[in-house]
Amino acid sequence: MKTQNTPGFLKTRQALVISKHLDPSQILVIGFLVVILVGTILLMLPISSNAGESTSFINAFFTATSAVCVTGLAVVNTLAYWSTFGKVVILICIQIGGLGFMTLVSALFLVARKRISLKNRLIMQEALNQDKTAGIVRFTKNIIIGTFLVEAIGALLLAVVFVPEHGFLKGMGYAVFHSISAFCNAGFDIVGDNSLTPYVGNTMLNFTVMGLIVLGGLGFSVWLDTYKTIKLKLKSSENFTWKQAFYKLTLHTKLVWVITLALLIIGFVFFFVAELNNMNTLGDLSFKEKIYAAMFLSVTPRTAGFNTITTSELTTASKIMTMLMMFIGGSPAGTAGGIKTVTAGVLMLCAICTIRGKQHTVIFKKKIPFQIIARSMAIIMIAIGVVISVLMVLSFTESASFMELVFEVISAFGTVGLSLGITSNLTFIGKLIIIVTMFIGRLGPITMAVALMIKQSKDKGTIQYAEERVLVG
């Protein structure tokens with residue numbers, strides 16, 4: 001029994017005091033760091049490599065960070081280097097990183113039927129980028145059920161491709177691995193050096209992987225809102241049209257769907273035209289394979305990291321478009337990275353409304369609050385600052401070309417995983433810098449955006465400062 005004077009009691013009390021003073025976002029940062037360090041230690045064990053030898057700290061640390069931050073950049077060949085145990089460790093890290101460690105901690109609480117404290121609810125709210133704690137436990141439960149259901153369906157569909165090739169057990173292992181990796185937008189594969197290029201014309205694999213990537217990148221709140229609206233439409237009379245159902249969606253959901261579909265369509269058309277005559281990419285493929293490859297090119301930069309054609313062989317225009325799409329990424333409260341679709345969309349809408357002479361940013365007959373616009377601007381400015389700063393440092397430490405470095409940095413920050421082939425050749429310092437960039441990129445949507453939310457200051461309404469105009473533009 002611990003008394004108030006025993007060391008155990010004092011340590012417990014100190015831990016409680018420290019946890020009470022930690023901000024929810026700080027707890028999330030610490031949690032992700034702990035998961036990465038545990039993953040690093042496990043990957044350093046001889047049992048994790050096929051050769052039965054210990055992996056260097058930097059390579060294990062890089063791989064664990066890439067998995068937990070659902071990036072997919074790899075310094076070693078995932079298939080050839082890691083043993084079954086190592087691949088399982090990577091897969092668990094991907095799952096924890098995709099859902100968020102707090103979501104899985106909450107799942108354990110739910111399974112154990114333990115009460116989730118207000119502090120934990122606040123952390124869950126922060127992790128899932130929600131604006132209130134009400135219903136957060138039910139929301140988390142739906143996320144967990146939905147995630148495992150979608151991943152299971154994805155695994156069954158991919159089994160149709162992998163089981164005939166590799167046999168039942170190995171084929172199912174491949175199917176489960178790629179289903180989780182695709183849904184969590186991780187981009188890790190165990191096919192070989194060329195990612196999914198052998199399957200450029202495989203209908204089942206292409207549409208399953210693309211579907212998982214898009215679903216994971218939409219955001220969990222969009223799932224639930226869309227499901228509720230479709231359910232309402234099906235239960236309603238024939239007079240309730242799909243157009244009316246669309247306007248029943250929240251403004252966030254409408255923006256996510258519109259921006260996501262726009263990016264996918266624009267990306268498909270652009271890549272199809274830009275690469276049509278490139279004999280190293282689409283030029284040498286059949287018409288069906290051209291369509292599939294162009295579609296995949298428009299989906300995978302949304303922070304997934306898989307590729308069905310060699311990324312380094314893309315035209316310069318396609319590389320630039322890929323970098324732009326990697327920087328934007330997926331949608332908030334999902335498994336994707338980047339600055340997020342809604343962030344980019346809000347600033348674009350703000351610019352359009354400003355050009356038209358409107359005082360407010362309005363879309364779908366709804367006004368977007370100034371606080372949201374200010375936060376979006378802050379997120380983008382920080383993202384640009386991080387990318388430029390990292391690029392400048394890498395230009396001193398690495399011997400790669402400017403295009404290769406920019407591509408690698410944006411891929412790391414957007415937690416994408418696509419590369420022009422320089423990841424394994426990075427110096428020790430270069431690997432550390434990319435590790436930090438991946439970590440910032442993964443936690444950006446969780447901590448930076450929420451921390452930068454314009455909160456109501458205590459002195460609001462009591463102090464008003466004089467307004468003065470400045471010249472811009």
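The values are calculated or read from the model by the stated rules, or taken from the named source; none is laboratory data. These numbers come from a predicted model, not from an experiment. FYI the Cβ positions are ideal-geometry reconstructions off the backbone, even for glycines, and counts take in every protein chain you see. Ligands, DNA and RNA are stripped out before the accessible areas are found, and what is left, the full protein with its side chains, is counted by its heavy atoms. Shrake-Rupley method; radii C 1.70, N 1.55, O 1.52, S 1.80 Å.
The residue pairs whose first member lies in the range 302-328 and is touching a residue at least 40 places away in the same chain (Cβ under 8 Å) and aromatic (F, W, Y), whose second member is in a helix (DSSP H, G or I) and open to solvent by 10 Å² or more (accessible area, probe 1.4 Å), and whose beta carbons are closer than 6 Å, counting only pairs six or more residues apart or on different chains, are F327/I410. Once the range 247-272 is narrowed to residues that are among the hydroxyl-bearing types (S, T, Y) and in a helix (DSSP H, G or I), the residue that is modelled with the highest pLDDT is T260. Looking across the range 327-367, the residues that are under 16 Å from V70 (Cβ atoms), among the small types (G, A, S) and open to solvent by 10 Å² or more (accessible area, probe 1.4 Å) come down to A333, G334. Scanning the range 368-400 for residues that are open to solvent by less than 60 Å² (accessible area, probe 1.4 Å) and of a type outside the set (A, V, I, L, M), we see that the one that is nearest to M348 (Cα to Cα) is S376. Please list, ordered by first then second residue, the pairs with beta carbon atoms under 6 Å, 6 or more apart or interchain, first in the range 239-260 and open to solvent by 60 Å² or more (accessible area, probe 1.4 Å), second assigned to a helix (DSSP H, G or I) and modelled with pLDDT of 90 or more. Pairs that qualify, where the first residue is open to solvent by 60 Å² or more (accessible area, probe 1.4 Å) and the partner is assigned to a helix (DSSP H, G or I) and modelled with pLDDT of 90 or more: there are none. Scanning the range 401-415 for residues that are outside any helix (DSSP H, G or I) and open to solvent by 10 Å² or more (accessible area, probe 1.4 Å) yields a count of 1. Restricting attention to the range 269-282, the residues that are over 19 Å from Y199 (Cβ atoms) and in contact with an Asp or Glu (Cβ under 8 Å, 6 or more places away or on another chain) add up to 1.
Taking the numbered list (1) closer than 20 Å to G201 by Cβ; (2) touching a residue at least 24 places away in the same chain (Cβ under 8 Å) in turn, F287 passes all entries but (2). Considering the range 261-275, and only residues there that are in contact with a helix residue (DSSP H, G or I) (Cβ under 7 Å, 6 or more places away or on another chain) and within 16 Å of K319 (Cβ to Cβ), the residue that is surrounded by the most Cβ atoms within 10 Å (Cβ to Cβ) turns out to be F271. Checked against the criterion of being open to solvent by 20 Å² or more (accessible area, probe 1.4 Å) and in contact with a strand residue (DSSP E or B) (Cβ under 9 Å, 6 or more places away or on another chain), the candidates N50, N77, N59 yield just one match: N50.
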